[in-house]
Amino acid sequence: MSEDSLLSQLCNICHINTPKYRCPRCSIRTCSLPCTRKHKTWSSCTGVRDPAAYLTRSQLATEVSFDRDFNFITGIERSLERAERDAENRGIELEHEYMLKTTAENGGKKRKRGDKNANAAPRMVKGELGFVRAAAEAGVKLVRAPGGLSRRKMNHSRVHPKHKCLNWSVEWIVPATGQTIVRPCLETTPLKEAYDRVFPISNSDRNNIPTDEQQSSTEKANNSHRNVYLYLHRHRAATINIVLVPLEPSATLRDVLRGKSVLEFPSIFVLKGDLRQLETDTEGGVAMSGVSGKRRFILEEVYLKDRPGEVEDEDENSGNGDEEEEDYTSSEGSSSEESSDEDESEDGNENEDEAEVAAGRNETQDESLVDHSVILP
């Protein structure tokens, strides 16, 4: 070593050799393992990097800094999983919000993770458990999607803290324009009011709107609102066609969803034609713009004519207030939460394999609609 070497360029412990190592905790430079151990003893240093230490913007905008933060987060996750497994091996019962469920049938007894059906339910985030229970109490058959799918992530339905009712995320689909919008809507809000909020009337069209008396009489006659018809999408159907349920514009979500099955949140189609009138002149459904291939719109009553077994299965399952999981066994849920102040079976006796294939195809079709949707604030 040259004699003109500065003292600051040598090992901070022995001041003899050139340093090779740097302490992640306090950045002290050492030349060997003995010097590193002396440093930890003298300074009471752990040698572990402080994740909360201040870094400048230039230091943060590096791959090394990004890797450190990522390793820190994954390290916490591994520690929690390791501690949970260790607790289970020791027979210690862990009580988390997503592992507990209080029911009136068991007298308030808490159901824990070790119960029979505990492994079938994915973990829930804050507010999601209350939403699932409220949906079951409202008579809605809620089908959950895996946590990694976009439809699960887009579902911000919760119990509104102010109005004490369900605040659904509603998907509005306009096949004529290819537009898909997801907006929150209270279950007590009439559908026509919710439609007006999502699709406001322009100033030019406002003058052409008839009076309230004329409009109400017209809507009662043809169940339309602003010359459009609203239909609820039946997501579980053993057909490639889109099965729709006619909706009254004056009805609320609470009324139309009672006894129905929805995939995460309801989907409402906005059509310019009345399917009930067109079905009388058309067999096999109605083809409209915005639907590609051989898919057609058909009414639920037409779909169920040749499938009476599905009606019986729905009646039996509608009385079951438990959340339906089917084949969905994901253990992760979405982490977003939205609070809005806006006033808003296939046949078991025949063709079971064909029904399962068609049901899976419909779930894929539902995902294709959501991937191109627009969420407005």
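With θ set to phi - 60° and the Karplus curve 6.51 cos²θ - 1.76 cosθ + 1.60, what are the ³J(HN,Hα) couplings of segment 159-173 in order, to the nearest whole Hz, using x for Gly and Pro?
Using θ = phi - 60°, the values come out as 7, 5, x, 7, 8, 6, 8, 6, 10, 6, 8, 10, 9, 9, 10 Hz.
Using +1 on the beta carbon of Lys and Arg, -1 on that of Asp and Glu, and nothing else charged, what's the dipole of segment 124-185 about the Cα centre, debye to 20?
Magnitude of the dipole: close to 180 debye.
Quick query: amide H of Leu166 versus all other amide H atoms, modeled in the peptide plane; which residues come in under 5 Å with a sequence gap of 5 or more or a different chain?
His160, Glu187
What ranking, highest mean first, results for peptides 58-65, 36-43, 140-147 when packing means the other Cβ atoms within 10 Å averaged over each residue?
Final packing ranking: 140-147, 36-43, 58-65.
What residues have an amide H closer than 5 Å to that of Gln179, excluding those fewer than 5 places away on the same chain, when H is modeled at 1.01 Å from N in the peptide plane?
For Gln179, whose amide H was placed from the backbone, the distant partners under 5 Å are Val174.
Going by amide H atoms built from the backbone, whose H comes under 5 Å of the H on Gly273, apart from near neighbours?
Tyr229
Would you mind checking the pairs Lys153/Lys192; Lys162/Lys260; Lys153/Lys305 and listing those with alpha carbons more than 29 angstrom apart? Before the final figure, lay out each step's value.
Values: Lys153/Lys192 27 Å; Lys162/Lys260 26 Å; Lys153/Lys305 35 Å.
The answer is Lys153/Lys305.
Using θ = phi - 60° and the Karplus curve 6.51 cos²θ - 1.76 cosθ + 1.60, what whole-Hz ³J(HN,Hα) does each residue of segment 232-240 get, with Gly and Pro shown as x?
Working through the residues one at a time gives 8, 7, 8, 6, 9, 8, 7, 7, 7 Hz.
Where does each of 232-238, 76-82 land if you order them by average Cβ count within 10 Å, highest first?
For the peptides 232-238, 76-82, the packing ranking is 232-238, 76-82.
How high is the relative contact order of segment 1-50? Use alpha-carbon pairs under 8 Å, at least six apart in sequence, and give a whole percent. Don't jump to the answer; show the numbers that get you there.
On the way: 59 pairs, mean separation 14.0, N = 50.
Once normalised by length, the contact order is 28 percent.
What order do you get for 268-275, 177-184 when each peptide is scored by the mean count of other beta carbon atoms within 10 Å, highest first?
Highest-to-lowest ranking by the protection proxy: 268-275, 177-184.
What are the ³J(HN,Hα) couplings of segment 17-23, residue after residue, when phi is run through the Karplus curve with 6.51, -1.76, 1.60 and θ = phi - 60°? Round to Hz, x for glycine and proline.
9, 6, x, 10, 10, 10, 5
Can you give me the Cα centroid spacing of segment 7-70 and segment 137-185 in angstrom?
First find each Cα centre; the distance between them is then 51 Å.
Suppose R0 equals 22 Å; then what is the FRET efficiency for Arg57 and Ser79 from their Cβ-Cβ distance, rounded to the nearest 0.05?
Once rounded, the FRET efficiency stands at 0.15.
All of the numbers you see were taken from the coordinates with simple rules; none came from a lab. Treat the numbers as computed from the prediction; the structure is a model and nothing was measured. Backbone-built Cβ (ideal geometry, glycine too); neighbour counts: all protein chains shown.
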